[in-house]
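Computed from the coordinates by the stated procedures, all read-outs in this text should not be read as laboratory data. Source: prediction; values computed, not measured. Reconstructed Cβ throughout: ideal geometry from the backbone, glycine too, with neighbour counts over all protein chains shown.
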Amino acid sequence: MDSGPRYSKQRGDVTLEYAGRRVTVHTHAKFELLISLGDMDLEDSFHVILSADMTRLAVGDLLNALFPENDAEPFVAEGRLDIKANPDLPEMYAELHEIFEQWRRGDCTLRFFANRGPEVDLYQPVSDHLSLRRSVERDIASSPVFDLVIEQTHDVLSRFEDWGGARGALLAWLRATTLIYFMDKHGFQLRVDTTDELDRRLLPLAEGLASRELLTLSGEPGVYEVGVAGRAYLGDMIAETESYIGQFDAFHDVAYDLDAGTVDFGTGRGEDLRVRVYEAEGIDPIRAVFLLRLYDSSLDEHSDSWRELIHAEEFFNGLLRPVLDSPMVNAELMESIIESGYAQREEMAEADQERAAQSDTLRRIQES
C-alpha cells in the first residue's frame with residue numbers, strides 16, 4: 001500500500017497535521033471526526049465530537065456504529081450534531097448514511113484515506129490515524145482529529161456483469177451510439193484513410209455501424225456519414241427517450257413522508273426516483289439513463305475530448321452513475337409513489353385538455 005499522502009487539505013489558517021500513532025488520547029477526553037469526500041473542502045466536511053474510548057475501535061467498526069444498516073438505530077442522533085455551528089449537518093449525515101448503504105449493497109466501492117496521511121485499512125484502530133491542529137505559530141491545544149477522506153466510485157459496468165449482462169456488448173453499444181451521436185449532431189467526419197491516431201481508433205466502431213447500414217461511405221477516398229437507416233435509428237431513440245420523459249419525469253422530484261403517508265411531486269426538495277421507477281416498470285435503467293444523457297446534451301460537455309474518452313470505461317461509468325447512485329425505497333412505498341405519480345399525470349392531462357377546450361371555445365366565440 002502506498003504510504004504517501006493522497007490528500008493534503010487545510011481548513012482556514014489551521015493545518016491538520018497527520019500524527020498517526022504519535023497522539024496520546026486521554027480516556028476522559030474527546031476527539032473530533034471529520035469526513036470529507038474526495039476533493040471536497042474541509043470547510044464542507046461532516047464533523048462530530050465523540051468520546052476518546054472510540055479511538056480504540058477499528059475504523060470499520062466505528063463507521064458501522066456511526067452509519068449502521070437501515071434497520072439499526074443510528075449512533076449519531078441529531079442531538080450529537082452541532083447544528084448551531086452547521087445547520088446542514090443532519091442532511092450531510094443522511095447523505096453519508098446513504099453512501100454506506102450503497103456500499104453495503106455493492107452499488108459502489110469506497111476507499112479511505114487519512115488527510116495528509118496514508119490509505120486507511122478498515123481493520124486498523126482509529127488511534128493509528130489521528131491528526132493534530134497546528135497554526136503557523138504554534139500547536140493548538142485541542143482534542144485530536146480523525147480526518148478521514150472517502151473516495152466513492154460507482155462501477156455500473158461491473159454491476160451490469162453481476163446482474164448477468166455482457167460487459168463487452170454493452171460497451172460496444174455505448175461507444176457506437178456515442179460515435180453516431182457526434183457524427184449527427186456535431187457533424188464529425190471520419191475518413192477511411194485518416195492518419196489521426198484518435199480517428200484511427202474509431203474506425204472499427206464505424207465499420208460495425210456501416211455493417212448495419214447505419215453509416216454509409218461517400219466520396220473518395222471515403223468519408224463515413226450517417227445514412228438513412230442511421231437517421232431512423234436516431235429518431236427511434238429520440239422517440240423512446242421522449243416517451244420516458246412523458247411517463248416518468250414527474251418522479252425526478254419526489255418528496256415523501258413515511259409517517260404522514262404523503263407523496264408530493266415537484267417541490268424542489270424531493271429525491272430523484274426515476275431509476276427505481278424504471279426498475280419497477282421493467283425498463284432497462286442503463287439504457288434509459290444513457291438515452292436521457294444523450295437527449296439532455298450531457299455528452300456535449302466533452303465535445304473536445306470524446307474521441308479519447310470513448311475508449312475509457314470510467315467515462316461511461318460517470319455518465320451512467322445515476323443507475324447506482326439512487327435512493328432505495330421499499331417495494332410497498334415504491335408502489336404507492338408510482339400510483340400517486342400516475343394519478344397526478346392523469347390529472348394534469350385532464351387539466352390540459354380542459355384548458356385546450358376552453359381556449360378553442362373562446363376562439364370560436366371571438367370568430368363568430
>> On alpha carbon coordinates alone, what is the Rg over Rh value for region 204-311, Rh being the Kirkwood radius?
In response: 1.14
> How about LYS30: which aspartates and glutamates have a C-alpha closer than 19 Å to its C-alpha, ignoring those fewer than 8 places off in the same chain?
Replying inline: GLU17, ASP53, ASP61, GLU78, ASP82, ASP128, ASP139, ASP147
>> Could you tell me the extents of region 15-153's C-alpha atoms along the three principal axes, largest first, rounded to whole Å?
In response: 44, 32, 29
> Based on DSSP H runs of at least 4 residues, each adding -39500 (n - 2.57), what is the mean residue ellipticity at 222 nm of the chain after dividing by all its residues, to the nearest 500 deg cm²/dmol?
Replying inline: -13000 deg cm²/dmol
> When the Cα centres of region 234-250 and region 265-316 are compared, how far apart do they sit, in Å?
Replying inline: 13 Å
>> Using DSSP to call loops (not H, G, I, E or B), can you name the trypsin sites (Lys or Arg not before Pro) in region 174-228 whose Cβ has at most 12 other Cβ atoms within 10 angstrom?
In response: ARG212
> Under a no-solvent Debye model with one identical scatterer per Cα of the chain, what's log10 I(q)/I(0) at q = 0.06, 0.11, 0.14 Å⁻¹?
Replying inline: -0.36, -0.96, -1.19
> How big is the gap, in Å, between the Cα center of region 90-138 and the Cα center of region 159-182?
Replying inline: 33 Å
>> Among GLN124, ALA65, HIS154, which residue has its Cα furthest toward the positive end of the charge dipole of the chain, with +1 on Lys/Arg Cβ and -1 on Asp/Glu Cβ?
In response: GLN124
>> I'd like the per residue volume of the convex hull spanned by the Cα atoms of region 231-276, given in cubic angstrom.
In response: 72 Å³
>> Nothing charged except the Cβ atoms of Lys and Arg (+1) and of Asp and Glu (-1): what's the magnitude of the dipole of the chain about its Cα centre? Round to the nearest 20 debye.
In response: 1140 debye
> Any idea what % of Cα-Cα pairs in region 250-331 are farther than 16 Å?
Replying inline: 60 percent
> Can you give the relative contact order of the chain as a percent, counting alpha carbon pairs under 8 Å and 6+ residues apart?
Replying inline: 15 percent
> Based on Cβ point charges of +1 for Lys and Arg and -1 for Asp and Glu, what charge dipole magnitude is obtained for region 206-254 about its Cα centre, in debye rounded to the nearest 20?
Replying inline: 120 debye
> What do the square roots of 5 times the Cα gyration tensor eigenvalues come to for region 160-342, in whole Å, largest first, as semi-axes of the equivalent ellipsoid?
Replying inline: 38, 16, 14
> What translational D, rounded to a whole number of µm²/s, comes out for region 80-137 from Stokes-Einstein when the hydrodynamic radius is the Kirkwood one over Cα pairs, at 25 °C and 0.890 mPa s?
Replying inline: 172 µm²/s
